[in-house]
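Read the structure below first, then the notes.
Each reported figure results from applying straightforward, stated rules to the coordinates on display, with no laboratory input. Since we're looking at a predicted model, the values are computed, not measured. Backbone-built Cβ (ideal geometry, glycine too); neighbour counts: all protein chains shown.
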Amino acid sequence: MRNKYFFLFIISGTLIVMDQYTKFMVTIHIPLNYSFRVIEGVFNLTHIRNPGVAFGLFANQQSEYKALMFIAISTIAIMAILVIFHQTPEKKKLVRTGLILIFSGAIGNLIDRTLHGEVIDFIDFIVRGYHFPAFNIADSCITIGVSLMVIDLFVGESHQDSSANAI
């Protein structure tokens, strides 16, 4: 049981430090709202601030309490993630890994909201002319974590059913 939490804190600690370090480097090296081309027409480093949630949702909503509301929601979500992580059986490795990633991303973006009132985004991809919304390492952790949990939802159940039928 103790190894489960050790793994959670080592992995999430590493990811949170990476997220915050890259955001710090972007903040000091790339002016706000400026893009630095890495691969022409494919990948830029772009320093933007997102006062909303994922993909800029609610970014244009004006309220002096918006940042506090997002901080409160993030805090509740982080506590829920820890409860779910505690209750997740050891054999559900994809779910546990997904929860660690989601936890890491939520903490990384919570730090931004607490310090800046918004999230620093900088990874900027263009694929076949479609420009994706900019994101950061924390957002990537959340997306990959949710994906792993969805995969477990579809693949994990069928694998368990087939092994149960073999008994």
- Of the peptides 104-112, 91-99, how do they stack up when ordered by the mean number of other Cβ atoms within 10 Å, highest first? 104-112, 91-99
- Item | Kirkwood Rh and Cα Rg combined as Rg over Rh, evaluated for region 4-153 | 0.99
- Message: Using the Karplus curve 6.51 cos²θ - 1.76 cosθ + 1.60 with θ = phi - 60°, what ³J(HN,Hα) values do you get for each residue of region 138-146, in whole Hz, with x for Gly and Pro?
- Response: 4, 4, 4, 4, 4, 5, 5, x, 5
- Query: Which of the peptides 77-84, 10-17, 135-142 is most tightly packed, and how do the rest follow, going by the mean number of other Cβ atoms within 10 Å of each residue?
  - Reply: 135-142, 10-17, 77-84
